Ligand SMILES: [Zn+2]
């Protein structure tokens, strides 16, 4: 059984369970594949988001990366934060225009570790997006990241973060 999911920004083929061996009416199943059809998010956007998260310290903070399928451009949406503390965050998911899609939903755990909490699991189970938690902000060394693809009610491991390296020119 495979989860085949297509979004303007995402192409996902994921083997949920193995066979029985049979002749499938739609042809042979290929290997698992995750493709970000929108490409990688520019690193400069990640840097902007990290700056925003640092300014919110010691509180948690959130940001969305949107992608416009008509123009191919990425943008950041900093959502309305209804309540923020160092360990709790309540925010509203944006409702993008029809051509725009939420690709990434990022939130920080402030100076704490990056991991998906039970609250995060409950928040993420009904959406199709890349969810990212950023931790260890405002501490020496680089921030830490936890990332996963939320699709079909499952949480799938990604081969890496969906960001391109930020170039000096950015
Ligand atoms: Zn969290």
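Give the residue that is nearest to residue 101 (Cα to Cα), with candidates limited to residues of the stretch 46-78 that are part of a loop (DSSP other than H, G, I, E, B) and under 16 Å from the mean Cα position of the chain (by Cα).
First pass over the stretch 46-78, keeping only residues part of a loop (DSSP other than H, G, I, E, B): 56-61, 69-73, 78.
Within this subset, residues satisfying the condition of being under 16 Å from the mean Cα position of the chain (by Cα) are 61, 78.
On the way: 61: 20, 78: 14 Å.
Going through the qualifying residues, I end up with 78.
Before we move on, is residue 117 within 14 Å of residue 132 (Cβ to Cβ) and free of Cβ contacts under 8 Å to residues at least 12 places away in the same chain?
yes
Suppose the filter is under 19 Å from residue 38 (Cα atoms) and away from the ligand (no atom under 16 Å from the Cβ); does residue 96 pass it?
Judged against the criteria, residue 96 is a match.
Tell me which residues, restricted to the stretch 95-111, are surrounded by fewer than 18 Cβ atoms within 10 Å (Cβ to Cβ) and within 25 Å of residue 160 (Cα to Cα).
Just the residues of the stretch 95-111 that are surrounded by fewer than 18 Cβ atoms within 10 Å (Cβ to Cβ), to begin with: 95-99, 111.
Once the filter is applied, which keeps residues that are surrounded by fewer than 18 Cβ atoms within 10 Å (Cβ to Cβ) and within 25 Å of residue 160 (Cα to Cα), the stretch 95-111 yields only 111.
Against the conditions (1) within 20 Å of residue 146 (Cα to Cα); (2) at pLDDT below 95; (3) surrounded by 11 or more Cβ atoms within 10 Å (Cβ to Cβ), where does residue 117 fall short? Just the number, please.
Among (1) within 20 Å of residue 146 (Cα to Cα); (2) at pLDDT below 95; (3) surrounded by 11 or more Cβ atoms within 10 Å (Cβ to Cβ), the lone unmet condition for residue 117 is (2).
Show the residue pairs meeting these rules: Cβ distance below 8 Å; 6+ apart or different chains; first residue within the stretch 81-105 and within 11 Å of residue 65 (Cα to Cα) and in contact (Cβ under 8 Å) with a residue 60 or more places away in the chain; second residue assigned to a loop (DSSP other than H, G, I, E, B) and away from the ligand (no atom under 12 Å from the Cβ).
So the pair list comes out as 101/8; 101/9; 101/38; 101/69; 103/9; 103/38; 103/162; 104/162.
Here is a check on your reading of the model: is residue 105 under 23 Å from residue 5 (Cβ atoms), within 13 Å of the ligand (Cβ to nearest atom) and modelled with pLDDT under 95? Working first, answer last.
On the way: under 23 Å from residue 5 (Cβ atoms): yes; within 13 Å of the ligand (Cβ to nearest atom): yes; modelled with pLDDT under 95: no.
When the stated conditions are applied, residue 105 does not pass them.
The values are calculated or read from the model by the stated rules, or taken from the named source; none is laboratory data. Here the structure is a predicted model, which means the values were calculated and not measured. Don't worry about glycine lacking a Cβ; one is built from the backbone with ideal geometry, like all the others, and counts go over all protein chains shown.
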